[in-house]
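Peer 1: So that we are looking at the same thing, I have put the structure below in structure tokens.
Rule-based calculations on the coordinates, nothing more; no lab input. These figures come from a predicted structure and were not determined experimentally. Quick reminder, even Gly has a Cβ in these numbers, built from the backbone with ideal geometry, and neighbours come from all protein chains shown.
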Amino acid sequence: MKKNQKNDIILIPTDFSEVCDNAIEHGLVLAKHLGYRVFLVHIINKDTNKYLNEENPTRESIAERLDDMSFKYSKEYGVQVEYIIKTGNLFEKVKDVGDKLNIKLVILGTHGKVGFQKITGSYVLKMIAAVDVPTIVVQRRSFKAGYKNIVFPITAQTKDRQKVSWAINIAKIFDSTIHLIPKYESEKFYKTRIMGITKQIKNLLEEYNIKYTDKVIKPVAGNFSKQVIDYAVVNEAELIMTLVNKGSSLFFNSWDEQIIYNSSQIPVICINPHSKKKTSGSGSGWTFQ
């Protein structure tokens, strides 16, 4: 194995809730297409215990449930499914497991942004910030068979181009169409910058024979995140790509949150930026950073 090469593993945290079951289904379909292994991880703490429907859950009863799930899913999807149980802080333990397994991808089910989380920031955003690999966030919307239409927003951030390698690989696997949505900018500097980034992205997509469309949405359509979501709904997109704009805090900007928690429940892949790595469109599988 090459240095720093990730293992072909999808990690899926579960608290046995409906949305986590949906995340597992999503991950199993992807794993089958990709030839990856799936690891389910359950973190025992007071927050996860409420979904167990047991008066006094034990590590043994949780292991029995995960063992049954792993056997069932392996047989149904033809995918190797294993599980890990840890006790403690959700974010720390999931990160530890991900680092130890050297995973390529996380599938995360979200219950939405509710209650006190509206003030303090959500578990989902903290989880995305904790891991250093792409995370696909899913809600209750079921996953069918792949990503035929992928919405790819483009902003003036040059790091947006780091999403291109992932878009190319996903499109290769599912014969997808990439829908490029450059953000409308009135200021000449940003407009020129976005046009340059868009042209480079188109050149790469054409080089690898990836189908694409592009559309600049005018500002009268509302803020950019709303434009992206509305476009995704109209064009029946199965995935939206976004770059994680995380700073020194655990809070994300409002653009990230609106995309991730979109009310249409379209899955979102959140790419963690790597400042020192050059985006490339070569290779196979989901091996790009």
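Peer 1: Determine, for Lys183, Lys72, the number of other Cβ atoms within 10 Å of each Cβ, and report the residues in order from fewest to most.
Peer 2: Lys72, Lys183
Peer 1: Same structure again: According to a simple spin-label model (label point 7 Å from Cα along Cα-to-Cβ), what is the distance in nm between Ser186 and Asp21?
Peer 2: With each label point 7 Å from Cα toward Cβ, the separation is 5.0 nm.
Peer 1: Whose amide H sits under 5 Å from the amide H of Tyr212, counting only residues 5 or more places off or on another chain, with H placed in the peptide plane?
Peer 2: Amide H to amide H, under 5 Å and 5 or more residues apart or across chains, Tyr212 pairs with Ile178.
Peer 1: Return His33, His26 ranked ascending by Cβ neighbour count within 10 Å, so the fewest neighbours appear first.
Peer 2: His33, His26
Peer 1: Next question, about the same structure. Which whole-Hz couplings ³J(HN,Hα) result when phi for each residue of segment 21-34 is put into the Karplus expression 6.51 cos²θ - 1.76 cosθ + 1.60, θ = phi - 60°, listed in order with x for Gly and Pro?
Peer 2: 4, 5, 4, 5, 4, 4, x, 5, 5, 5, 4, 5, 5, 8
Peer 1: Testing the spin-label approximation: label points 7 Å from Cα along Cα→Cβ at Phe71 and Ile85. State their distance in nm.
Peer 2: Label-label distance for Phe71 and Ile85, simple model: 1.5 nm.
Peer 1: If each residue's Cβ is checked for other Cβ atoms within 10 Å, how do Met127, Met241 rank with the fewest at the top?
Peer 2: Met127, Met241
Peer 1: Modelling each spin label as a point 7 Å along the Cα-to-Cβ direction, I'd like the Ala145/Asn203 distance in nm, to one decimal.
Peer 2: Those two pseudo-labels are separated by 3.7 nm.
Peer 1: Which FRET efficiency, nearest 0.05, do Val29 and Glu64 yield, Cβ-Cβ r, R0 30 Å?
Peer 2: For Val29 and Glu64, the calculated efficiency is 0.75.
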